[in-house]
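Report on the structure given below.
The values are calculated or read from the model by the stated rules, or taken from the named source; none is laboratory data. Because the structure is predicted, anything quoted here is derived from the model rather than measured. Cβ coordinates were reconstructed from backbone atoms using ideal geometry, including for glycine residues, and neighbour counts include every protein chain displayed.
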């Protein structure tokens, strides 16, 4: 009996320990099973909803940042662009017709000027014998008109040589600037009247009179008729006289454009050598005829015929330099105004 009781007590102790060990080991397994259990459908929906909400919030924030950057860019740099677009739209609508009308009016005025002066010149040339050509045939009129016009020109030279040469030089310098503007790309009736009349004024007031006295001075300076006189006159003409006249023309045109003396001097310094060397490509060949064949009183007429080419070169040099300076000043002013209008950080 004692042995059976001892065995029963041992069995109870063993079963109790086994049960306690099963309970102790089952608790962590249960906890670990709960912790590693797969989420259910409700939890999946909650997680996805949270992800969608966070993604939408992030996208809205990014859109707001982009809009803010665009607004700041418009405030800094875009105000002038908006103004420019508004002015272009208003100009295309309201001022476009006004600009077209202004161009049409300017072109019509230029056409009237050309037609008026052309009609006057042609009528004066063709009606030189109107006092006694009654009964003449067309052949007789065309035959005697050039001869009698030449006689009238010689009579004007004898009566008032300086005024006659001033008129010829004024006409030549006006036509030369017109040719220069057409060469620069302007239409034949869209020339700058102010620029053309400036050039004509310089030719009338200065070139005709100064050239008259210059050719007389050149004859007095080289009175001989040896073979070397013509090359000496050409060399003197294309160094001393060319430098003086090119400078006078450039400076007077600058003054007529109301430019400052410092600006005129800077532009003259930059174009003096190019203008002088450009003359060496034309005038030495023309002056072989001037000093070798043409009489003294007729030289300016021949020179003025060649001046149609030379004035084109002179006017192009002078006005291109001035327009380039004006464009540089305007671009600098625009950049300064844009930089001053932008807000400082």
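Beta carbons closer than 7 Å, at least 6 apart along the sequence or on distinct chains, never pair a first residue in region 221-240 that is on the phi > 0 side of the Ramachandran plot and touching a residue at least 60 places away in the same chain (Cβ under 8 Å) with a second that is part of a helix (DSSP H, G or I) and loosely packed, with under 13 Cβ neighbours inside 10 Å. Among the residues here, residue 188 does not qualify as out of contact with any strand residue (DSSP E or B) (no Cβ under 7 Å at 6 or more places or on another chain) and surrounded by 15 or more Cβ atoms within 10 Å (Cβ to Cβ). Filtering region 211-233 to residues that are surrounded by fewer than 17 Cβ atoms within 10 Å (Cβ to Cβ), in contact with a helix residue (DSSP H, G or I) (Cβ under 8 Å, 6 or more places away or on another chain) and more than 11 Å from residue 296 (Cα to Cα) leaves 221, 222, 229.
The set of residues in region 128-146 that are within 48 Å of the chain's Cα centre (by Cα), at pLDDT 85 or above and surrounded by fewer than 15 Cβ atoms within 10 Å (Cβ to Cβ) contains only 146.
Within region 248-259, is there a residue that is closer than 21 Å to residue 303 by Cα and loosely packed, with under 15 Cβ neighbours inside 10 Å? Yes, region 248-259 contains a residue that is closer than 21 Å to residue 303 by Cα and loosely packed, with under 15 Cβ neighbours inside 10 Å. Each residue in region 196-210 was checked for being touching a residue at least 40 places away in the same chain (Cβ under 8 Å), surrounded by fewer than 21 Cβ atoms within 10 Å (Cβ to Cβ) and within 35 Å of the chain's Cα centre (by Cα), and 2 of them qualify. Could you say which residue among 307, 259, 297 is in contact (Cβ under 8 Å) with a residue 24 or more places away in the chain and part of a loop (DSSP other than H, G, I, E, B)? Criteria check complete, one pass: 259. Restricting 245, 283 to those that are buried (at least 18 other Cβ atoms within 10 Å of the Cβ), without any contact (Cβ under 8 Å) to a residue 60 or more places away in the chain and under 20 Å from residue 162 (Cα atoms) reduces the list to 245.
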